[in-house]
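Colleague: What follows is a structure written as C-alpha cells; I'll ask about it next.
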Amino acid sequence: MSSSEGRIPLSVPTIGGNAAAYLQACLDTNFVSSVGPFVERFEREFAERVGSRFAVACASGTAALHLALLALDIGPGDDVLVADLTFVASVNPIVYVGARPVLVDAETETYGMDPALVVAELDRRAAAGERQPAAIEVVHLLGHPMALEPVAAAAARHDVPIVEDASEALGATWTSGPYAGRSVGTIGRVGTYSFNGNKLITTGGGGMVVTDDEALARRVRHLSTQARLPGLAYDHDEVGYNYRLTNVAAALGVAQLEELDALLAARRAVAARYDEAVAELPELRPAPRAPWADSSFWLYTAALATPDAARRDAILAHLIEHGIEARPIWRPIHATRRYADATRLGGDVADRIFASAFCLPSSSSLTEADQVRVIDALRAALAATTPR
Ligand SMILES: *Cc1c(COP(=O)(O)O)cnc(C)c1O
C-alpha cells in the first residue's frame, strides 16, 4: 500500500540512528535488565540535555510521577493542585499516594493550568489559615510550556513544591523571561517525562524524573528499586517499587536522545505546514502559542473558533473514515467518570477547549504527501459539517 493510501496515525515513533547498534550491544553483553551501562548513560545524557543535575530513569512516565510524589512525602490528608485539562496519568499518581487531587481549570493563552486560579487559591488558604496543598503539579500540555512564572512566585511565597509533568513536552523551552533558554521540567522541585510509544522520543515504555535536589534524586532511585539497602542480604527500609527502566529500554533511549533535535525539527516543520493550512480555514484556529514559549509541537492541535462538540465529533469521524487518526484534545479530568466528584477550581474553560480542540497526525515521520491528504480531508470535513 502506498503512503498516500494507508492509514495515517496520530503519533508513531521514528526509530533510527544508533538504535539497532545499541540494542545489539545489549544482547552481545547480556546486559538486558535494570542493571547495565545504558541506564546510567541515558540518565547522564538526559540530565545534560535538559539542564538538570540529576535524572532517574523509570519504567513509565506514570511511575516517574508516582515516585516524585512519594519522594516529596505526599500522602493521605494532602491536597495536590493539578491541571484539569490533561491525560489521566497526571492525576492517578496523586490517588496512588492517597492524596486528593484538586483540579485547576485551563486558560486560553496556553491551554495549561490557569495561574491566576492557583495564586488565588494559595492566597485564600493562607488568609483563611487553611493548610496549603502539598504540591502543585503543572502540566505542559501537548508540547507547549504552561505559564509557570506566576505559579512559581506564589508557590515560593507559600512554600509549596512544584512538580512539572513534562511528559508531553520534551524539547520545549522558554524563550524570554526568567526561564529563558531553560527546558520544561527543570524549573520546579522535580520534573517528569514519558517515553511511551506515542511521545516525542520513546523507549518502548519508560519515564524520567529530574531534579537538582540530590537527596530527592537519591530517594526516587531508592524507591524505584524496592527500597533495597546496599549489601548482599536483602534489607529494605520502606515500601519500594519495581520501577527501574531496563537496560534494553535505556539503550533505545540513548539512541533516541541523539535524534532529539532532528525529531523536534521534523515536528516543527509539520506544525508550520499545518499553520499555513489552518490560516486559510476561517472556522479553525491553531492552538494558542505564547510569545515566551518554544513548543515542541508534540501533537499539533487545531480548534473550532466556536466550541461545538457535535461538530468536532463529526469532523473527527470524517477524518477517521478517510484513514486519518485524529483525536479530541484530552477530556477534562472532571468530565471523566472516575473524577466526576473531584474538587475543582475555576469555570468552564477546559470544557470549552475540549468542545473545540482536536489533534492531527503529528509524527516526526509524517510525509508532506500524507500531510496534504490530512489537510484536504480536514477541508472536506469542514465543508461537510455545519455549525450547531
Ligand atoms: C503520556 C503522559 C503521562 C504518562 O506517561 P506513561 O509513560 O504513558 O506512563 C503522564 N502525563 C501526561 C500528561 C502524559 O501525556
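Colleague: If I stretch the segment between Ala309 and Ala25 completely, what's the gain in nm (0.36 nm per residue apart, minus their alpha carbon distance), one decimal? Please list the in-between numbers first.
Modeller: Working: separation 284, 0.36 × 284 = 102.24 nm, distance 4.97 nm.
Gain on extension, Ala309 to Ala25, equals 97.3 nm.
Colleague: Quick one: among Asp294, Asp165, Asp84, which has the greatest mean-square fluctuation in a GNM of the chain with alpha-carbon springs under 10 angstrom?
Modeller: Highest fluctuation among the options: Asp294.
Colleague: I've got another one for you. Among 90-101, 193-204, 330-341, what's the highest-first ranking by average C-beta atoms within 10 angstrom per residue?
Modeller: With the highest mean Cβ count within 10 Å placed first, the list reads 193-204, 90-101, 330-341.
Colleague: Might you report the magnitude of the Cβ-based charge dipole of segment 155-210 about its Cα centre, with Lys and Arg at +1 and Asp and Glu at -1, to the nearest 20 debye?
Modeller: Dipole magnitude for segment 155-210 comes out near 100 debye.
Colleague: Measuring from centroid to centroid over Cα atoms, what is the spacing of segment 83-152 and segment 323-376 in Å?
Modeller: Using only Cα atoms to place each centre, the spacing works out to 19 Å.
Colleague: I would also like to ask the following. What are the GluC sites (Glu not before Pro) within segment 310-388 that DSSP puts in a loop, where the Cβ has at most 13 other Cβ atoms within 10 Å?
Modeller: Taking segment 310-388 and a limit of 13 other Cβ atoms within 10 Å, no loop GluC sites (Glu not before Pro) are found.
Colleague: I've got another one for you. How high is the relative contact order of segment 168-208, given as a whole-number percent (alpha carbon pairs under 8 Å, six or more residues apart)?
Modeller: Details: 57 pairs, mean separation 12.3, N = 41.
Contact order relative to length: 30 percent.
Colleague: May I pose another question? In the chain, what percentage of the DSSP-assigned beta bridges are antiparallel, given to the nearest 5?
Modeller: Looking only at bridges with both residues in the chain, the antiparallel portion is about 55 percent.
Colleague: Calculate the dipole size of segment 333-388 relative to its Cα centre from +1 charges on Lys and Arg beta carbons and -1 charges on Asp and Glu beta carbons; express the result in debye to the nearest 20.
Modeller: 220
Colleague: Search the structure for amide H atoms under 5 Å from the amide H of Thr86, placed 1.01 Å from N in the peptide plane, and list their residues when 5 or more places away or on another chain.
Modeller: HN-HN under 5 Å from Thr86: Ile333.
Colleague: Can you pull the one-decimal nm distance between simple spin-label points at Asp237 and Ser33, each 7 Å off the Cα toward Cβ?
Modeller: 2.4
Colleague: For segment 287-342, what is the relative contact order in percent, using Cα pairs closer than 8 Å and at least 6 residues apart in sequence?
Modeller: Values: 20 pairs, mean separation 10.8, N = 56.
Relative contact order comes out at 19 percent.
Colleague: Follow-up question, since we're still on this one. For Asp79, what residues show an amide H to amide H distance below 5 Å, using hydrogens built from the backbone and excluding near sequence neighbours?
Modeller: For Asp79, the qualifying residues are Arg100, Ala134.
Colleague: I've got another one for you. Segment 1-76: which GluC sites (Glu not before Pro) are DSSP loop and have at most 15 other beta-carbon atoms within 10 angstrom? Kindly include the intermediate steps, with their values, before the conclusion.
Modeller: Numbers: sites: Glu5, Glu40, Glu43, Glu45, Glu48; in loops: Glu5.
Filter output for segment 1-76: Glu5.
Colleague: DSSP loop (so not H, G, I, E, B), at most 16 other Cβ within 10 Å: list which trypsin sites (Lys or Arg not before Pro) in segment 36-117 pass both filters.
Modeller: Taking segment 36-117 and a limit of 16 other Cβ atoms within 10 Å, the loop trypsin sites (Lys or Arg not before Pro) found are Arg53.
Colleague: Further, regarding this structure: Using the 2.2 N^0.38 Å rule of thumb for compact globular proteins, work out how segment 132-228 stacks up: its C-alpha Rg over that value, please.
Modeller: 1.12
Colleague: From the phi of every residue in segment 371-382, what ³J(HN,Hα) in whole Hz does the Karplus formula 6.51 cos²θ - 1.76 cosθ + 1.60 yield, where θ is phi - 60° and glycine or proline is x?
Modeller: Each residue of segment 371-382 in turn: 5, 4, 4, 5, 5, 4, 5, 5, 4, 5, 5, 5 Hz.
Colleague: In addition: Would you please give the residues with an amide H less than 5 Å from that of Arg182, counting only those at least 5 places away or on a separate chain, with H modeled from the backbone geometry?
Modeller: Trp174
Colleague: Hey, another quick one. What are the ³J(HN,Hα) values, in whole Hz, obtained from phi via the Karplus relation 6.51 cos²θ - 1.76 cosθ + 1.60 with θ = phi - 60°, for each residue of segment 30-43 in sequence order, with x given for Gly and Pro?
Modeller: Per-residue couplings from phi come out as 6, 8, 10, 8, 6, 10, x, x, 6, 4, 5, 5, 4, 4 Hz.
Colleague: Now, a different point. Once phi is turned into ³J(HN,Hα) by the Karplus curve 6.51 cos²θ - 1.76 cosθ + 1.60 with θ = phi - 60°, what whole-Hz value does each residue of segment 341-346 show in order, with x for glycine and proline?
Modeller: 9, 5, 5, 10, 10, x
Every number in this text was worked out from the coordinates using simple rules, so none of it is lab data. Note that this is a predicted model, so its numbers are computed, not measured. In this analysis, Cβ positions are derived from the backbone assuming ideal geometry, glycine residues included, and neighbour counts consider all displayed protein chains.
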